[in-house]
Structure formats: C-alpha cells, structure tokens
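Undergrad: Just passing along the structure, written as structure tokens.
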C-alpha cells in the first residue's frame, strides 16, 4: 500500500512538474512575442512620445508663454492709451504692442505644436507601411532568385549535351547574379526602413519589431468638395491657415513700431499676401488630393484584378506541372508574377491610406 502511494505521488509530481515547466515556457514565449509585437497605433503613440520635433515645439510654446507674461506685466504696469487698436496705433504704448505681438506668437506656437504632432503621426504611419512593403519586396526577390537558379540549371544541362551555347549559359549566370544583387539590395532597404522607424519611435537601431497591423484600404465616403474646401479654409479648423492669419494680424498692429514706418507697411502687406496665398494653395491642394485619391481608387481596382489574374495563372500552371506538361521554372515564373502583383497592390494601398490622411488634414501637405 505504501509503495502504491509513493508511486502515485511521484507520478503526480512528474505530471505537475511537466505542466508547470510547459506553462512557464509558454508564458515566457508569450511575453517575449508580445514585447516584440508592434501595432500601427503603438508606433504612432511611441513616435509622439519620443519626437524631438514635438519636444522643441512644446518648448516653443513654453518660451512664448514666458515672453507673453513678461509683456503683459509691462503693459499692465504702464499707461497704454485707449481707443480702437487699429486706428490709434501711433499713440499706443510700446508695451501694449509688444504684449499683443507676444500673445499672437504664443498662439502661433500652440498651433505649430498641433501641426507637428499631426506631421509626426503621419511620418510614423508612412515608416510603418514602408517596412511592410520592404518585407514583401524581399519575398519577391527571393522567388526571382529561385527562378533564375532554375533557369540556370536548365541552360547548364542543355549545354552539356550541346543544346545551349556558352553565350546562353553566361546570360543565365548574369541574370542569376543580378537577381541575387536585387535580393541583397532589398534586404538592405528593409534594414534601412527599420532603422528609420526605430529612430522615430525611440527603439534601438538593431531592434526588429514584428509589425502586426496590415495595410488595408478603407475608402473615404464621397465628400461634398465645396463643403470640404469651406471647412479647410476656416481658420478654426485649419491650424496652418490659422497661423498664417495670426501672422497677418500681428503685422497689422506692429507695423508702426518698425523703423522706418514704410518698412513696417511693407511687412504688413507681405503678411497679407502670405495669408491669401496660403488660402489659395489650400483650396487647390484639396482638389489635387481628391483627384489623387480617385486615381488611386482606380489603380486599386486594377491592382486587385492583377492579383486575381496572377493567382489564376499560377493555379493553372501548377495543375499543368503536376501532370508533367510544364517545368518547375514555369511554376516559379508564375509565382514571381503573383508576388510582383501583390507588391503593386500593397504600394497602392499604402499610397491611398497616406493620401487619405493628408486629404482629411490638408494642412499636412504644407508641413515637412
């Protein structure tokens, strides 16, 4: 009886030990995989948190606020004249003008911070998509190398029995070396794409996160273009235009403090021209972005049809290969064709999503 209990106990401990070890391993693996995964939303959040451009823009807001406080203090302790601001400028105190200018610069810096955040988010999205595209390019390049190797083996075998010339063999060798070089370049491009994203999101340069968000198109609802233009031309909705308008407003009440006065008037006129040009550019850009989106939608349909056609061509060729009607090289040729078609579709998807983001926030077209 005692021996039976001991055996049962040992069996139980062995089972539990194995289960615990397996559980610990699976948890460790899960944590490891989870820590290496990176969604598009996470990449954008990291980019916003790590961006030095945003940090500098925030510093600009803080600095202009301190200047504004100092100018306000000077204005409140002085004796500024009263009256309409724009009709009595020559008699207005210097501190009052300085305060108005400092207040305008502070609000411009706040809008600049908004613009910078939008630009960084779009950059993160573009860099994230670029890695996905570069991954696909490598897969395509690998298939092209396999195809070139298969072609070389066929030509080399024919040359042995006198069915292919040395020129044909050299051509096959040259093509193989070209495809290998293309593969090497594709791998280098992927490394560069990773390094670009890593710099933006604060990762070490040798980290290679697993990107989990695929590139998918979500078409925009057909907009009323005139309403879209009206919204974009509203300074309340467009931080880029708001900044240009505020620059003009500052110039309208600070020109009299410039020496000579004629130079101040020229500055005011130039600020007005800059604002009006920004309005025209915004209007034109919206139509341009819309036309680009419609073109990309057409390209997307064509690219999808191309993938479908290439998929069917591969299916037929594989069926023929199974019954000995074509060679492995023929199958590889169709695989390369399908891979190229998928690359094209992926490029269209990426271009569309990035163009859509700019169409939804047209001021991004004017921010580097």
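Undergrad: How high is the relative contact order of segment 130-280, in percent, counting Cα pairs under 8 Å that sit 6 or more residues apart?
TA: 18 percent
Undergrad: Here's a follow-up. For segment 38-366, what's the relative contact order in percent, using C-alpha pairs closer than 8 Å and at least 6 residues apart?
TA: Computed value for segment 38-366: 24 percent relative contact order.
Undergrad: Just rank 163, 320, 71, fewest to most, by other beta-carbon atoms within 10 angstrom. Intermediate values should be presented prior to the final figure.
TA: Details: 163 11, 320 14, 71 22.
Listing 163, 320, 71 from fewest to most nearby Cβ atoms yields 163, 320, 71.
Undergrad: R0 = 30 Å: FRET efficiency of residue 318 with residue 360, Cβ-based, nearest 0.05?
TA: Numbers: r = 43 Å, r/R0 = 1.43.
Once the sixth-power term is evaluated, E becomes 0.10.
Undergrad: Let me ask something else. Given labels modelled 7 Å from the Cα in the Cβ direction, how far is it in nm from residue 49 to residue 367?
TA: Placing both labels 7 Å beyond Cα along the Cβ direction yields 2.1 nm.
Undergrad: Ordered by packing density, taken as the mean number of other Cβ atoms within 10 Å over each peptide's residues, highest first, how do 164-170, 141-147, 174-180 rank?
TA: 141-147, 174-180, 164-170
Undergrad: Let me ask another. Tell me, how many Å apart are the Cα centres for segment 192-234 and for segment 280-319?
TA: Distance between centres, Cα-based: 18 Å.
Undergrad: Determine the principal axes of the Cα atoms in segment 38-366, then give the extent along each, sorted from largest to smallest and rounded to whole angstroms.
TA: 104, 43, 36
Undergrad: Using r as the Cβ-Cβ distance of residue 153 and residue 308, and R0 as 25 Å, what FRET efficiency do you calculate, to the nearest 0.05?
TA: 0.20
Undergrad: If you rank 352, 95 by fewest surrounding Cβ atoms within 10 Å, what's the result?
TA: 95, 352
Undergrad: Using only the Cα atoms of segment 125-239, what are the Rg and Dmax in Å?
TA: Rg and Dmax of segment 125-239, Cα atoms, are 23.7, 79 Å.
FYI, it's all coordinate maths here, none of it is from the lab. This structure is a prediction, so every number in the text was calculated from the model and none was measured. Neighbour counts run over all protein chains shown; Cβ positions are idealised from the backbone, glycine included.
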